[in-house]
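J.: Sharing a structure, written as structure tokens. Questions coming.
The values are calculated or read from the model by the stated rules, or taken from the named source; none is laboratory data. Keep in mind that what you see is a predicted model, and the values were worked out from it rather than measured. As a convention, Cβ positions derive from the backbone with ideal geometry for all residues, glycine included, and neighbour counts pool all protein chains shown. The area values use the complete protein model at the heavy-atom level, side chains included, leaving out ligands, DNA and RNA. Shrake-Rupley method; radii C 1.70, N 1.55, O 1.52, S 1.80 Å.
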Amino acid sequence: MTLTPAVSIRDLSYTYPDGTFALDSVSLELKPGEVLGLVGPNGAGKSTLLLHLNGMLRANGGAVQVMGIPVKPKNYREVRRRVGLVFQNPDDQLFCPTLFEDVAFGPRNLGLQEAEVTARVRASLAAVGLQGLDNKSAHHLSFGQKRRAAIATVLAMQPDVLALDEPTSNLDPRGKRLITELIASFHHARIIVTHDLDLARTLCPRVAVMAQGRVIAEGNPQELFSDHDLLDQAGLR
Amino acid sequence: MSPGPILFLSPRTKILITLAVVVVCVSTPANRFPAFLGYLAFLFGFAALIRVELRRVLRHTLAVLPFLLMIAVFVPFLPEGQPAGSLSLGSSVHPFPSKLLVLWNSAIKAWTGAFALVILGASTPFPELLHGLEHLRFPRLLLALLAVTHRYGLVFAEEFSRTRRALAARAFRPRWLWQAGAIGRLIGSFFLRAYERGERVYLAMLGRGFTGVFPVAPHTSHAGDLPALILSAIILAGLRWGAA
Ligand SMILES: Nc1ncnc2c1ncn2[C@@H]1O[C@H](COP(=O)(O)OP(=O)(O)OP(=O)(O)O)[C@@H](O)[C@H]1O
Ligand SMILES: [Mg+2]
């Protein structure tokens, strides 16, 4: 018997309503606890792919499963609890008046008791190093803090899979290091979209390279990143 | 360091007391001078009990001054003896000229109201105010709207000033009528961006299990809430309707 993959993507295709052909039969698999890097030039379709993991976009073709559950409208609730999607811009993810409310938003939607909600909020904020900032407004956080707060909001859902869209963009070197260490400390299955080859090297034993809506290469970063033709094709150098 | 409040009140109680002061004050005939003195004394006491910094509050209430000046300018033009500006100035016998009374009426009511609201604002952070309103059965959708506006208002303001800088950097000076088109496009692109952000925020909400109903935080109350409400009601009613 083989272990159920945390994420399994089969021949996924997607065209935006305006006709943009964004994903062209993408297939990827992610084992529980595994870390997969997703690199590729702007417009390759990386963010579009992430939005399919919890049914925010509906595939035109192919199928996605999360922990063996097909991503279909009737499973959206379950799937969204299991996949924690961290957006590229933390300001989109922190929409409540205070940090506490933001992190509590997900657990409250799950209908948890308030004691459990509070416990999860405390634990999530502590996990990202923002303990004690419960009553801060997102507006008064530094960018690095907002990034970590956005991660805390999905940790509180206790997901099986974390999908992070460019987690180190717009951060200073120290902020990058902190986020890298933070992501490394998790035990979830993780998909990390990034342009940062250093980040991919440190965190991801396996990397998929996307270009023009397709996965054009897959393998360990050491090998892939020394293939200069590939890097050129993927616009990564 | 400022010490904590002497009296802990939940946001709901503070909102109710503030509202009570405003309603009672506005409905008081202008010539019942001791009552107004009483309201002010009440507010001072209230502010002291919940430990609001008075200097700051007084400074903020000065915001109503321009409004008062405007009224002052118009007072001489009001027709003689009209019960203008008051709900119950009515037929009461005026101890001093009615024009002055009109001015006094709007001045004291505006100022007392502002004073009460500023105390509320200074003692209660915006998120708690929203929470208090929620507790008072204020429509949830409106509250969510207020909360989101509060959260993104500043973000949008920053975006807007960035866009303006970008225009200025290209030596754009909106001076002539034919440049109105550019301003129109600016506003258009601004709304488009706000709309797109709205969509992304909505996705973020969906991703965390949002089903169309905003989750409620539980409400806490303090031991002082009920006594404070009852006492305030008695004092205010006494000032308003008690022997003049
Ligand atoms: N809402 C949308 N409507 C129409 N087309 C879109 C939309 N969002 C993205 N696209 C298009 O889909 C393609 C893939 O975009 P996507 O955002 O997934 O790329 P990406 O790999 O995440 O790029 P980046 O590195 O710049 O974030 C692009 O051609 C883009 O223009
Ligand atoms: Mg992207």
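J.: Take region A:22-52 and flag every residue that is within 16 Å of ligand 2 (Cβ to nearest atom) and open to solvent by 50 Å² or more (accessible area, probe 1.4 Å).
T.: Those that are within 16 Å of ligand 2 (Cβ to nearest atom) and open to solvent by 50 Å² or more (accessible area, probe 1.4 Å): A:ASN42, A:GLY43.
J.: Take the residues of region B:199-240 that are in contact with a Gly (Cβ under 9 Å, 6 or more places away or on another chain) and at the interface with chain A (Cβ under 7 Å from one of its Cβ atoms): which is surrounded by the most Cβ atoms within 10 Å (Cβ to Cβ)? Full working, then the answer.
T.: Residues of region B:199-240 that are in contact with a Gly (Cβ under 9 Å, 6 or more places away or on another chain), as a first pass: B:206-210, B:215, B:219, B:235-236, B:238-240.
Still in the list and also at the interface with chain A (Cβ under 7 Å from one of its Cβ atoms): B:206-210, B:215.
On the way: B:LEU206: 18, B:GLY207: 28, B:ARG208: 26, B:GLY209: 20, B:PHE210: 18, B:PRO215: 19.
Per the stated criteria, the residue is B:GLY207.
J.: Does B:PHE190 count as in contact (Cβ under 8 Å) with a residue 12 or more places away in the chain, open to solvent by less than 70 Å² (accessible area, probe 1.4 Å) and farther than 27 Å from A:GLY55 by Cβ?
T.: yes
J.: Another question, if that's okay. For the structure I just gave you, tell me whether A:GLN131 is within 16 Å of ligand 1 (Cβ to nearest atom) and assigned to a loop (DSSP other than H, G, I, E, B).
T.: The answer is no for A:GLN131.
J.: So, one more: Return the pairs, sorted by first residue and then second, in which the second residue is among the polar types (S, T, N, Q) and not in a helix (DSSP H, G or I), the first residue lies in region B:131-148 and is under 20 Å from A:ASN135 (Cα atoms), the beta carbons are less than 8 Å apart, and the residues are 6+ apart or on different chains.
T.: Taking only residues 6 or more apart or on different chains, the pairs are B:GLY132/B:SER10; B:GLY132/B:THR124; B:HIS135/B:SER10.
J.: Which of (1) farther than 18 Å from A:LEU51 by Cβ; (2) within 14 Å of chain B (Cβ to nearest Cβ) does A:THR168 not meet, given it meets every other one?
T.: The one condition A:THR168 does not meet is (2).
J.: Go through A:GLY111, A:GLY144, A:GLY132 for me and flag whichever is without any contact (Cβ under 8 Å) to a residue 12 or more places away in the chain and away from chain B (no Cβ under 14 Å).
T.: Matching residue, one of A:GLY111, A:GLY144, A:GLY132: A:GLY132.
J.: While we're here: Let me spell it out: the conditions are (1) within 14 Å of ligand 2 (Cβ to nearest atom); (2) open to solvent by 30 Å² or more (accessible area, probe 1.4 Å); (3) touching a helix residue (DSSP H, G or I) at 6+ places or on another chain (Cβ under 8 Å), and A:ILE69 meets all of them except one. Which number is the exception?
T.: (1)
J.: Can you find even one residue in region A:53-74 that is within 14 Å of chain B (Cβ to nearest Cβ), within 12 Å of ligand 1 (Cβ to nearest atom), not in a strand (DSSP E or B) and not basic (Lys, Arg)?
T.: The answer is yes, given that some residue of region A:53-74 is within 14 Å of chain B (Cβ to nearest Cβ), within 12 Å of ligand 1 (Cβ to nearest atom), not in a strand (DSSP E or B) and not basic (Lys, Arg).
J.: Please count how many residues of region A:200-217 are closer than 17 Å to A:ASN42 by Cβ and of a type outside the set (D, E, K, R).
T.: Total satisfying the criteria: 9.
J.: So B:LEU103 ticks every box in (1) more than 18 Å from the chain's Cα centre (by Cα); (2) of a type in the set (A, V, I, L, M); (3) open to solvent by 20 Å² or more (accessible area, probe 1.4 Å); (4) not assigned by TED's automatic domain parsing to the domain that holds B:ILE50 but one. Which box is left unticked?
T.: In the conditions (1) more than 18 Å from the chain's Cα centre (by Cα); (2) of a type in the set (A, V, I, L, M); (3) open to solvent by 20 Å² or more (accessible area, probe 1.4 Å); (4) not assigned by TED's automatic domain parsing to the domain that holds B:ILE50, B:LEU103 misses (4) alone.
J.: Also, I was wondering about something else. Would you call B:LEU167 away from chain A (no Cβ under 14 Å), within 26 Å of the chain's Cα centre (by Cα) and farther than 27 Å from A:GLY55 by Cα?
T.: So B:LEU167 fails the test.
J.: When you scan region B:122-142, do you find a residue that is open to solvent by less than 20 Å² (accessible area, probe 1.4 Å) and closer than 24 Å to A:PRO90 by Cα, even just one?
T.: Yes, region B:122-142 contains a residue that is open to solvent by less than 20 Å² (accessible area, probe 1.4 Å) and closer than 24 Å to A:PRO90 by Cα.
J.: How many residues does region A:12-21 contain that are within 9 Å of ligand 1 (Cβ to nearest atom) and buried (at least 21 other Cβ atoms within 10 Å of the Cβ)?
T.: So the count comes out to 1.
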